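**Q** Structure incoming, see below.
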Amino acid sequence: MKLKKTAYTFEQAKVYDVTRFMSPSGRAIHNMELSLLKYFLKFTSTKKNILEVGCGTGRLLIELFKLGYLVEGADASKNMLKKLLEKARLLKIIINYKHLESANLKIKKKYNFVYAIRLLNQTESKNYALKSIKEMIRITKPGGHILAEFVNVNRPRIGRNSTKTTRLSHKIISEANFSENWGCTIIKNKGLFFFGMGSIMATPTLFINIVVKFDKLLSTLFPRYCSRGYILLKKNDKK
Ligand SMILES: C[S@@+](CC[C@H](N)C(=O)[O-])C[C@H]1O[C@@H](n2cnc3c(N)ncnc32)[C@H](O)[C@@H]1O
């Protein structure tokens with residue numbers, strides 16, 4: 001596979017878990033994402049045949065695995081997948097993974113549930129991100145589910161942001177599903193990080209739990225205004 005520019009490098013793989021998710025605020029952010037992911041799995045009654053696209057070091061995937069979910073991973077970065085392998089070895093678990101790019105998932109197998117978290121915003125363009133969702137749908141069984149998380153285009157940008165981010169919205173995805181005939185029904189629209197991840201990162205440790213509680217409440221009430229959007233699609237049964 002040709003090396004994708006958006007695939008994380010050796011340096012990024014080395015520091016990914018440590019710099020983002022080890023501090024008290026980083027842990028809080030991780031737990032918020034994990035609990036929402038678990039909510040969707042519970043809601044769809046999925047336990048096995050799950051694939052994370054853009055799984056990286058397995059931050060979420062390994063947690064699910066520990067809880068008894070059968071999850072596989074795919075990522076465009078060999079360095080991130082190497083980290084995933086190292087973590088799995090330490091835990092003495094076996095994780096199936098594939099070195100693939102999201103817009104061209106060379107997978108024949110069909111999954112019950114395919115999800116992507118913190119992937120679509122990393123991809124090179126809106127078209128590429130939508131193509132990735134289409135690929136996720138292709139490798140899902142009829143009746144199965146696809147969970148796409150994205151950086152919300154409707155959310156005003158606060159502060160400086162030097163990195164390029166591909167942004168989507170519930171509406172953009174819903175319109176593409178309709179106009180491109182993806183063959184899915186949208187089951188749920190949710191949001192997370194109403195205050196933005198930066199605000200949680202900046203919160204003193206003592207107050208993190210309070211901010212998280214408020215964030216969850218406001219995210220439930222106003223999903224379309226959150227910095228991250230989640231959309232759950234169900235692949236229609238064949239007629
Ligand atoms: C921010 S990390 C997220 C990792 C994991 N999902 C998580 O939440 O911790 C983004 C991951 O997407 C991968 N990636 C970027 N572009 C990709 C693509 N086109 N296809 C597959 N993976 C890609 C990167 O290599 C990186 O591992």
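**Q** Taking the Cα centre of the chain as origin, work out the dipole magnitude from +1 charges on Lys and Arg Cβ and -1 charges on Asp and Glu Cβ, in debye rounded to 20.
**A** Values: 45 positive and 16 negative charges, 97 e Å.
Approximately 460 debye in magnitude.
**Q** Report the residues of the range 117-145 in range of a label on residue 110: point 7 Å along Cα→C-beta, backbone N strictly under 14 Å from it.
**A** Taking a point 7 Å out along Cα→Cβ of residue 110, the residues of the range 117-145 whose backbone N falls under 14 Å are 137-145.
**Q** Please grab the % of Cα pairs in the range 67-106 that end up more than 16 Å from each other.
**A** Working: 289 of 780 pairs.
Summing the P(r) of the range 67-106 above 16 Å gives 37 percent of all pairs.
**Q** In nm, to one decimal, how far is the residue 124 label point from the residue 45 one, both placed 7 Å along Cα→Cβ?
**A** 4.2
**Q** When the gyration tensor of the range 60-187 is built from Cα positions, what are the square roots of 5 times its three eigenvalues, in whole Å, from largest to smallest? Intermediate values should be presented prior to the final figure.
**A** Working: eigenvalues 133, 80, 35 Å².
Each semi-axis is √(5λ); the values are 26, 20, 13 Å.
**Q** List the residues, sorted by chain then number, that are 5 or more residues from residue 184 or on another chain and whose placed amide H is less than 5 Å from its amide H.
**A** It is 236, by chain and number.
**Q** Right, here's the next one. Using the basic label-point model (7 angstrom from Cα toward the beta carbon), what is the residue 225 to residue 174 distance in nanometres?
**A** 1.7
**Q** Return, ordered by residue number, the residues of the range 162-186 whose backbone nitrogen is under 17 Å from a label point located 7 Å along Cα→Cβ of residue 12.
**A** Those under the cut-off are 162-167.
**Q** With a point put 7 Å past each Cα toward its Cβ, work out how far residue 214 is from residue 78 in nm, to one decimal.
**A** 4.8
**Q** Moving to a separate point now. When the helix-only estimate is applied to the chain (DSSP H runs of n ≥ 4, each -39,500 (n - 2.57), divided by the residue count), what is the mean residue ellipticity at 222 nm, nearest 500 deg cm²/dmol? Walk me through the intermediate numbers first.
**A** Values: 8 runs with 97 residues, N = 239.
About -12500 deg cm²/dmol.
**Q** Jot down the radius of gyration and Dmax of the range 10-235, Cα atoms only, both in angstrom.
**A** Calculated on Cα positions, Rg and Dmax stand at 16.7, 48 Å.
Coordinate-derived values only; no laboratory data. Here the structure is a predicted model, which means the values were calculated and not measured. Because the Cβ atoms are built from the backbone with ideal geometry, glycine has one as well, and the counts that use them run over all protein chains shown.
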